[in-house]
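The block underneath contains the structure these notes are about, expressed in structure tokens.
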Amino acid sequence: MAMEAKPHAPRPTAELLDAAHRHLLGNYRPAPIVFTHGQGSELFDSQGRRYLDFCAGVAVCCLGHAHPALTRAIGEQAARVLQVSNYFFNEENVRLAEELCGRTGFDRAFFCNSGTEANEALLKLVRRWFHEAGRPRVRVIAFDRGFHGRTMGALALTGTEAYRVGFGEPLAGVEHVPFGDLEAVEARMADDVAAIVVEPLQGEGGVLPAPLGFLEGLRALCDRHGALLAVDEIQTGLGRTGKFLGLEHSGVQADAITLAKGLGGGVPIGALLVREALANGLPPGAHGSTFGGNPLASAAARTVLRVLAEEGLVEAAARKGARLGAGLAEVAARHPALCTGERGQGLLRAITLTDAIQARDLLPVASEEGLLVTAAGPSAVRFTPPLVVTEGEIDTAVELIDRALTRAER
Ligand SMILES: *Cc1c(COP(=O)(O)O)cnc(C)c1O
């Protein structure tokens, strides 16, 4: 047998990291870990190490890794057809639209490939809808520390100034007010506001649930001024918070929502869902996406919806989330020098930190213990396990973060 490397023989990790540092742009700060495969809530790296994955691709892999139903659906769809373009229909996409509308009570869907694209579509739809109605409005109110994506339109909605540095004038017409401050919103509201865009729980901003009554207050302000209430469910949707939509904790009805992250279970897809009243917000030619609604992503998303229902994963997320929350609260109480507490909903939770440590600095300590978590802002360590996580895995994760905090204290 020839001794030369087969094309698919794994590259030595050090060599791969070296190539990464030379050829990938430096916009991320990845840990020096190369993952090769996963199973359920576990990931395995190129050194053969095993990790409990409470990052899950940042709240994306809701069915865990290598879920047999999702793997099969993707393979079968790939063997039929991957892409047909929006010059035509494809059955998976039409059925996905129907099923998503059925599940959420919305009427119409637009599909794209990511969260930021879903919010771009949202922004364009709300403005164009008022334009079509003959009473143009462009003002949009969003929130400090809100996160809506990184393309120029979505970035304008994102409420973190640092993300805008050096990119020129942000999109005109978008204003930010403190999250949870109804009076501040009321002070800005007028009959020229097109929409309020809000997360029911700020994910990237620090795993911060909207205060009680806040979303109801926004709804009332929108109604008073003829504005639209648009809710970014990209992180909170698909059962992550223990309800199918984060909004359901309040009972508030939105005019439009955006979904992405968990929707494809790891296959890129984003969606904008709107009420029938907004159906003419994007007339023919007003917006589009080459890959949007492709059969592969649509088949994956349909499988996610089916498995969430079949395995009762949304209700389970509430139950498991309560267990995770209780465990994290205990851990936080055991490390008062580093932790201030625990917060979140369902399986979207965080331990909050004192000024003694930055969330980002705890991540490598946790990963050395075999636990993958993420930072949500400077002072929240975020836990977003797959919704298929077991109670035993939750208990293990709690033990591992306890150990990591003990090590960080020294
Ligand atoms: C992740 C996220 C986005 C952006 O999604 P991408 O797929 O990264 O573009 C937008 N809004 C919220 C609430 C998110 O959590």
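What is the distance in Å between the Cα centroid of the range 119-185 and that of the range 345-394?
Each part reduced to its Cα centre gives a spacing of 29 Å.
Relative contact order for the range 266-410: what percent, with Cα pairs under 8 Å and sequence separation of 6 or more?
19 percent
From Cα pairs below 8 angstrom and at least 6 apart in sequence, can you work out the relative contact order of the chain, rounded to a whole percent? Please report the intermediate quantities before stating the final value.
On the way: 832 pairs, mean separation 85.8, N = 410.
Here the relative contact order equals 21 percent.
Which is the longest part of the chain that has none of the chymotrypsin sites (Phe, Trp or Tyr not before Pro) sitting in a DSSP loop with at most 13 other Cβ atoms within 10 Å?
168-410
Arrange ASP402, ASP395, ASP255 by Cβ neighbour counts within 10 Å, fewest through most, would you?
Taking fewest neighbouring Cβ atoms as first place, the list is ASP395, ASP402, ASP255.
If the elastic network links every pair of Cα atoms under 10 Å, which of ALA220, ALA210, ALA332 fluctuates the most in the Gaussian network model of the chain?
Of the options given, ALA220 has the highest mean-square fluctuation.
Which three extents, in whole angstrom, do the alpha-carbon atoms of the range 324-371 cover along their principal axes, largest first?
The principal-axis extents, from largest down, are 25, 23, 16 Å.
Tell me the GluC sites (Glu not before Pro) within the range 346-410 that lie in a loop according to DSSP and have at most 13 other beta-carbon atoms within 10 Å.
Details: sites: GLU368, GLU369, GLU391, GLU393, GLU399, GLU409; in loops: GLU369.
Passing both the DSSP loop test and the Cβ count: no residue.
Which number gives the lysine pairs in the chain that have C-alpha atoms under 25 Å apart and are eight or more places apart or on different chains?
Final tally of qualifying lysine pairs is 4.
Using only alpha carbon pairs under 8 Å that are at least six residues apart, calculate the relative contact order of the range 3-156 and give it in whole percent.
Relative contact order of the range 3-156: 11 percent.
Read the figures in this text as sums done on the coordinates, not as results from a lab. Model, not experiment: these values are computed from the prediction. All Cβ positions, even for glycine, are placed from backbone atoms using ideal geometry, and neighbour counts span all protein chains on display.
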